[in-house]
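Asker: Structure in structure tokens, see below.
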Amino acid sequence: MPRACKVIGVVTLTLMGAMAALAADPAGVAAPPPVPVPEPSELALRWYRTGILVWIVGLVWGIAVPAVIFASGLSARLVALARRLSNHFFFVTAVYALLYTAVAFVLGLPFDWYATFLRPHAYGLSGQTEGKWISDALVSWALEGGVAAALLWVPYLLLRRSPRRWWLWLSLLAIPFICFVNVVEPVWVAPLYNHFGRMKDASLERRILALAERAGIEGGRVFEVDKSVDTKTVNAYVNGLGATQRIVLWDTLLARLAPDEVLAVMAHEMGHYVLDHVLLWIPVFFLGLLVTLYAVHRTAPPILRRLGARSHAAALSDLASLPLVLVLVQVYGFLLGPLGYAFSRHLEHEADRFALEITRDNHALASAFVKLQSSNLSNPWPAPWLVWLESTHPPLGERIEFANQYRPWESGAPLRYARHFRDGQSGP
Ligand SMILES: [Zn+2]
């Protein structure tokens, strides 16, 4: 599944998966030779191996925080604290949401600090200052707390009014909400963290806009973001929906890749854009949420009966049950994850195919992937079980090999996406 917040369904289709140099100019008479998949460096393998451990600790920590808040009775005490201020339902849910997100934020801090600040610095992958990390963390907490305070009454009102079908109504209501979040995310949320502007390299921008025009994308949809303040890794992505849909290139990617490689990466992002991949995620999120909430509906009551005395939450409709719901959502989300990740890898593969068909520049895409591998300390051949459990993208080794060998135009075979090219032709 794309990164970003799965719970509220923000879709960000990136070039690379986890926060995971051989420039070659393809210009020339003879086709350049295939690009070999480089062996990962010692440092990359260490990043990969320790990354598995960090991933497991993150999963456990993410479940342990709400589990402790629930089972210790702290959640019930937070509800009681909110009730002391007022007994009005909406007020109590809003104050409880603020208190809960504050406690969860503090309990999550040690892991977040290690995983997203200390660790990438230790591997030379980040030049982010402490101040930027802290301000980003506070912005995230304020957003989370604000959204939770504004909306937490919705599921709890549904639980009271429709105790047997709340999971269905909530999943249905989530569709317009997810659409709204995706529309506003690039214009209201992303600028809280970084600066977005037009591309600085005007001649490269002209080439990108010419390619975008062939893919039927208006010019104003391409942005450069100053991710160099946060990371030394490279990436690009598509997000937004409808009027706000856009392609964003990290400035770190523009600094490391040759122009033809940037163009190949752009073509991949254009594939996501033109093939409506953001839109395709919405029914997938709906189905995932429906199954998850139904499972919560069936399994939370027996747990509440067992732990009710200790947690002081008697029923699912009791506000103090929230952390239990969050634990179960994460457990079922983890179990459903492989389906979402397989779907994501399929979309990424098709975006790679689109990029090759519109540019016919196999060498540029393959060498761009090689640079991504070295810049992001990626392992080109991660363990299959890990790919299955948590990879949004196919392994880079597979992507490089596909970029080398996919050339249907050489044998006159039909192209899958030629109908999306304005001139009906692919190639430069
Ligand atoms: Zn992608």
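Asker: Out of (1) in a helix (DSSP H, G or I); (2) more than 16 Å from the ligand (Cβ to nearest atom), the odd one out for THR231 is which?
Answerer: Of everything listed in (1) in a helix (DSSP H, G or I); (2) more than 16 Å from the ligand (Cβ to nearest atom), THR231 misses just condition (1).
Asker: Still on this model: Identify, please: which residue in region 321-363 is away from the ligand (no atom under 16 Å from the Cβ) and farther than 30 Å from SER72 by Cα and is, among those, surrounded by the fewest Cβ atoms within 10 Å (Cβ to Cβ)?
Answerer: Step one: of region 321-363, the residues away from the ligand (no atom under 16 Å from the Cβ) are 321-339, 360-363.
Filter again for farther than 30 Å from SER72 by Cα, leaving 338-339, 360-363.
Details: PRO338: 16, LEU339: 14, ARG360: 20, ASP361: 22, ASN362: 22, HIS363: 22.
Looking at the filtered set, the residue picked out is LEU339.
Asker: On the given criteria, is LEU304 touching a Phe, Trp or Tyr at 6+ places or on another chain (Cβ under 8 Å), part of a helix (DSSP H, G or I) and hydrophobic (A, V, I, L, M, F, W, C)?
Answerer: On the way: touching a Phe, Trp or Tyr at 6+ places or on another chain (Cβ under 8 Å): no; part of a helix (DSSP H, G or I): yes; hydrophobic (A, V, I, L, M, F, W, C): yes.
Here the answer is no, as LEU304 does not meet what is asked.
Asker: Identify the single condition in (1) within 16 Å of the ligand (Cβ to nearest atom); (2) crowded, with 17+ Cβ neighbours inside 10 Å that LEU279 does not satisfy, given that it satisfies every other one.
Answerer: All conditions pass for LEU279, except number (2).
Asker: Next question, about the same structure. If the Cβ limit is 7 Å and pairs must be 6+ apart or interchain, which residue in region 126-151 that is over 18 Å from ASN194 (Cβ atoms) pairs with which residue that is in a helix (DSSP H, G or I) and open to solvent by 50 Å² or more (accessible area, probe 1.4 Å)?
Answerer: What qualifies is GLY145/LEU98; ALA149/LEU98.
Asker: Of all residues being open to solvent by less than 90 Å² (accessible area, probe 1.4 Å) and in contact with a Gly (Cβ under 8 Å, 6 or more places away or on another chain) in region 305-320, which is farthest from ALA64 (Cα to Cα)? Just the residue, please.
Answerer: ALA314
Asker: If you check SER171, SER162, which single one turns out to be surrounded by 19 or more Cβ atoms within 10 Å (Cβ to Cβ) and touching a helix residue (DSSP H, G or I) at 6+ places or on another chain (Cβ under 7 Å)?
Answerer: Numbers: SER162 fails: surrounded by 19 or more Cβ atoms within 10 Å (Cβ to Cβ).
Answer to the selection: SER171.
Asker: Which residues, taken from region 81-130, are small (Gly, Ala, Ser) and open to solvent by less than 50 Å² (accessible area, probe 1.4 Å)?
Answerer: So the first thing to find is which residues in region 81-130 are small (Gly, Ala, Ser), and the list is 82, 86, 94, 97, 102, 104, 108, 115, 122, 124, 126-127.
Result: ALA82, SER86, ALA94, ALA97, ALA102, ALA104, GLY108, ALA115, GLY124, SER126, GLY127.
Asker: Please find, among LEU386, LEU328, LEU324, LEU347, the residue that is within 28 Å of ASP276 (Cβ to Cβ), part of a helix (DSSP H, G or I) and modelled with pLDDT of 95 or more.
Answerer: Working: LEU386 fails: within 28 Å of ASP276 (Cβ to Cβ); LEU328 fails: within 28 Å of ASP276 (Cβ to Cβ); LEU324 fails: within 28 Å of ASP276 (Cβ to Cβ).
Criteria check complete, one pass: LEU347.
Asker: Within region 246-268, can one find any residue that is within 16 Å of the ligand (Cβ to nearest atom), open to solvent by less than 40 Å² (accessible area, probe 1.4 Å) and among the charged types (D, E, K, R)? First the steps, then the outcome.
Answerer: Filtering region 246-268 down to residues within 16 Å of the ligand (Cβ to nearest atom) leaves 246-250, 253, 257, 261-268.
Imposing the further condition that a residue be open to solvent by less than 40 Å² (accessible area, probe 1.4 Å) reduces the set to 246-250, 253, 257, 261-268.
Those still in the list that are among the charged types (D, E, K, R) too: 246, 261.
Yes, region 246-268 contains at least one residue that is within 16 Å of the ligand (Cβ to nearest atom), open to solvent by less than 40 Å² (accessible area, probe 1.4 Å) and among the charged types (D, E, K, R).
Asker: What is the one condition in (1) on the phi > 0 side of the Ramachandran plot; (2) open to solvent by 10 Å² or more (accessible area, probe 1.4 Å); (3) within 16 Å of the ligand (Cβ to nearest atom) that GLY242 does not satisfy?
Answerer: Unmet for GLY242, out of (1) on the phi > 0 side of the Ramachandran plot; (2) open to solvent by 10 Å² or more (accessible area, probe 1.4 Å); (3) within 16 Å of the ligand (Cβ to nearest atom): (3).
The values are calculated or read from the model by the stated rules, or taken from the named source; none is laboratory data. Computed from a predicted model, the values in this text were never measured in an experiment. Positions of Cβ are generated from backbone atoms using ideal geometry, with glycine treated the same way; all protein chains shown enter the neighbour counts. Quick note on the areas: whole protein, heavy atoms, side chains included, nothing else; ligands and nucleic acids left out. Shrake-Rupley method; radii C 1.70, N 1.55, O 1.52, S 1.80 Å.
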